[in-house]
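Peer 1: One structure, pasted below without further comment.
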Amino acid sequence: MELINKMLSQWKSYLFFSILFVFISSLSLVGSFNLAHISLLILPILYWFVFLLYKRNLFIKDKVFVYKIFFISLIVRVLGVFVFADILLNLNGYPFLSMKDDYNYQQASIEIVNRWRVSGIGFYSDIWFSTGFYSGFPNFSAFLMYVFGDSIYVPRLGNAFFSSLTSVLAYQIVSSFTTQKRARLVAVIFVFSPLLFSFSSLQLKDTVLLYLTFAVVKRLIFIIENKSNITNLILLGIYLLIIVFFRAATIIPLLVSFLIILFIKSKKQRKISLYNIISLSVIIFTLIYGWKFLTELNGVDSLELYVTSRYDKMQNQSFENSEIGGGKNIIKFLGTPVYFLFSFFLPPALLVNLPNMETINYTLFGLVFHYSLIPFLIVAVVNTFKERKKNIIPFFLLLLFFMFKLGQANSLLSVFNTRQSLGGIYLMYLMLPMFFIDNKYYYLKNKTFIISLIVMLAFTYVRLNSRGII
């Protein structure tokens with residue numbers, strides 16, 4: 001308890017210094033502030049909510065705590081839905097970030113639900129986003145509209161609901177390897193994490209994808225701990241097949257990390273568990289034949305075609321249009337490990353608004369909140385690696401984090417994208433209790449915090465300089 005209190009006090013200092021740093025840097029670089037900077041004033045309030053909710057719920061029953069964090073999380077996110085829509089409507093003239101992703105999802109969802117009302121629920125290849133590997137969120141939104149009406153708020157309220165469930169999943173996952181007090185701290189941080197309720201307030205797929213990822217992680221942990229049953233395997237198969245419609249590539253790091261853990265367990269026990277063989281066989285069988293079933297329904301392309309197309313894309317990947325410049329393979333070869341190492345501090349926060357930005361700088365206050373936690377998260381990652389032989393569940397989370405970041409590093413620019421980094425960011429949060437395991441590496445906190453501030457400032461400077469603004 002004393003360690004947690006000390007951590008909360010240090011976190012408060014990092015948060016206030018981060019806010020001050022952004023204000024001073026913005027004033028120095030462009031000489032003015034905007035709405036994104038004003039939103040930073042919300043962060044001390046969020047910290048106070050984290051502190052208050054944690055302190056007042058230390059000793060209540062576990063079931064009561066779960067219901068409480070779900071409903072508080074839902075209230076926060078529902079408010080966020082209406083606040084964000086109003087801000088976007090006033091600034092952009094329409095309640096979307098831009099006329100791209102979220103707007104296109106809305107239009108596709110309306111077209112899909114209108115077809116469903118005439119021809120019945122199904123996959124229709126002549127409708128954009130009704131089928132394919134990115135059709136998950138438009139169909140999810142269309143289903144909610146089919147049931148609750150065509151309002152733009154309906155899919156976003158659906159996001160708010162699943163984002164609230166993600167807070168509960170985070171608590172359940174962390175509870176599998178740490179004390180109740182530490183697990184509750186993580187859960188409360190998830191409830192008030194501004195990145196989470198920002199994305200859950202928008203008509204984007206990332207919130208639901210994060211929920212599905214955590215749901216799969218929870219089910220895989222049951223198998224690792226030999227607590228699985230047929231219901232667990234069925235739910236795991238369903239979650240994996242749903243992910244196919246959202247971002248099929250997410251399945252790869254999940255299963256690869258799981259296989260590595262099974263290999264480590266088998267090597268440690270000097271035998272291959274029949275239980276693990278059966279579980280793995282059921283997962284593979286469900287994924288292959290479930291995918292085949294979805295292909296027969298014309299929902300997605302075949303597994304063979306997907307694997308072939310992904311392989312061809314990787315082989316032919318070019319960087320000619322990237323902001324890094326150049327299309328040479330040497331860039332990818334040298335850049336991947338560099339970006340992988342710096343991915344702990346990425347995505348960076350853009351400290352100012354750029355001229356002619358398509359939308360508001362909606363990730364700034366969420367990333368500043370995240371950056372104030374990075375010193376503790378990196379120490380937690382180091383401790384997790386050090387304790388890998390003693391506690392296999394945090395090591396599983398660490399492997400997942402590495403796999404996610406490795407995939408991003410391979411594509412270089414995605415490590416700068418907050419949306420594509422969401423899974424990696426919150427996998428780090430699940431490892432936060434490992435910060436309290438060993439104080440040997442506490443000295444890293446201040447060093448990593450300074451690095452994170454330098455990364456933010458450098459990224460903003462490069463973006464401004466490349467556009468001739470400074």
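The values are calculated or read from the model by the stated rules, or taken from the named source; none is laboratory data. In this text the structure is predicted, and so the values were computed from the model without any measurement. Glycine gets a Cβ as well: all are built from the backbone with ideal geometry, and neighbour counts include every protein chain shown. Surface areas here come from the heavy atoms of the whole protein model, side chains and all, with no ligands, DNA or RNA. Shrake-Rupley method; radii C 1.70, N 1.55, O 1.52, S 1.80 Å.
Peer 1: Kindly check whether there is at least one residue in the stretch 96-113 that is of a type in the set (D, E, K, R), on the phi < 0 side of the Ramachandran plot, modelled with pLDDT of 90 or more and surrounded by fewer than 17 Cβ atoms within 10 Å (Cβ to Cβ). I'd like the intermediate steps shown before the answer.
Peer 2: Of the stretch 96-113, the ones of a type in the set (D, E, K, R) are 100-102, 111.
Filter again for on the phi < 0 side of the Ramachandran plot, leaving 100-102, 111.
Restricting the remaining residues to those that are modelled with pLDDT of 90 or more gives 102, 111.
Filter again for surrounded by fewer than 17 Cβ atoms within 10 Å (Cβ to Cβ), leaving none.
Scanning the stretch 96-113, I find no residue that is of a type in the set (D, E, K, R), on the phi < 0 side of the Ramachandran plot, modelled with pLDDT of 90 or more and surrounded by fewer than 17 Cβ atoms within 10 Å (Cβ to Cβ), so the answer is no.
Peer 1: Which of (1) part of a helix (DSSP H, G or I); (2) among the hydrophobic types (A, V, I, L, M, F, W, C); (3) more than 21 Å from Ile393 (Cα to Cα) is the odd one out, the single condition Val300 does not satisfy?
Peer 2: (1)
Peer 1: A further question follows. Can you name the residue in the stretch 343-392 that is of a type in the set (Phe, Trp, Tyr) and open to solvent by less than 10 Å² (accessible area, probe 1.4 Å) and is also farthest from Val462 (Cα to Cα) among such residues? Walk me through it before giving the result.
Peer 2: First, pick out the residues of the stretch 343-392 that are of a type in the set (Phe, Trp, Tyr): 344-345, 362, 365, 369, 371, 376, 385.
Next, only the ones that are open to solvent by less than 10 Å² (accessible area, probe 1.4 Å) stay: 369, 371, 376.
Values: Phe369: 22, Tyr371: 19, Phe376: 27 Å.
The extreme case among them is Phe376.
Peer 1: Which residue out of Leu29, Leu8, Leu15 is open to solvent by less than 20 Å² (accessible area, probe 1.4 Å), under 20 Å from Thr363 (Cβ atoms) and in contact with a Phe, Trp or Tyr (Cβ under 8 Å, 6 or more places away or on another chain)?
Peer 2: Details: Leu29 fails: open to solvent by less than 20 Å² (accessible area, probe 1.4 Å); Leu8 fails: under 20 Å from Thr363 (Cβ atoms).
On inspection, the qualifying residue turns out to be Leu15.
Peer 1: Right, here's the next one. Got a number for residues in the stretch 206-224 being open to solvent by less than 10 Å² (accessible area, probe 1.4 Å) and basic (Lys, Arg)?
Peer 2: The qualifying residues number 0.
Peer 1: Among the candidates Ile360, Ile450, which residue alone is farther than 19 Å from Ile4 by Cβ and in a helix (DSSP H, G or I)? Can you show your working first?
Peer 2: Working: Ile360 fails: in a helix (DSSP H, G or I).
The unique qualifying residue is Ile450.
Peer 1: Let me ask another. Just to be sure, is Phe395 open to solvent by 40 Å² or more (accessible area, probe 1.4 Å) and among the aromatic types (Phe, Trp, Tyr)? Can you show your working first?
Peer 2: Working: open to solvent by 40 Å² or more (accessible area, probe 1.4 Å): no; among the aromatic types (Phe, Trp, Tyr): yes.
Spelling it out, it is not the case that Phe395 is open to solvent by 40 Å² or more (accessible area, probe 1.4 Å) and among the aromatic types (Phe, Trp, Tyr).
Peer 1: Which of the residues that make up the stretch 268-297 are assigned to a helix (DSSP H, G or I) and open to solvent by 70 Å² or more (accessible area, probe 1.4 Å)? Can you show your working first?
Peer 2: We begin by selecting, within the stretch 268-297, every residue assigned to a helix (DSSP H, G or I); these are 268-269, 274-296.
Scanning the stretch 268-297 gives Lys268, Gln269, Leu274, Ile277, Ile278, Ile284, Phe285, Ile288, Tyr289, Lys292, Phe293, Glu296.
Peer 1: Still on this structure: Quick check: is even one residue across the stretch 20-28 within 21 Å of the chain's Cα centre (by Cα) and either in contact (Cβ under 8 Å) with a residue 40 or more places away in the chain or under 30 Å from Gln107 (Cα atoms) (or both)? Before you say what the answer is, go through the steps one by one.
Peer 2: Step one: list which residues in the stretch 20-28 are within 21 Å of the chain's Cα centre (by Cα), which gives none.
No, the stretch 20-28 contains no residue that is within 21 Å of the chain's Cα centre (by Cα) and either in contact (Cβ under 8 Å) with a residue 40 or more places away in the chain or under 30 Å from Gln107 (Cα atoms) (or both).
Peer 1: Just give me the residues in the stretch 202-246 being farther than 28 Å from Val81 by Cβ and not in a helix (DSSP H, G or I), in sequence order.
Peer 2: Glu225, Asn226, Lys227, Ser228, Asn229
Peer 1: So which residues in the stretch 271-299 are touching a residue at least 60 places away in the same chain (Cβ under 8 Å) and under 26 Å from the mean Cα position of the chain (by Cα), if there are any at all? So that I can check it myself, show each step before the final result.
Peer 2: Filtering the stretch 271-299 down to residues touching a residue at least 60 places away in the same chain (Cβ under 8 Å) leaves 297-299.
Within the stretch 271-299, just Gly299 meets the criteria.
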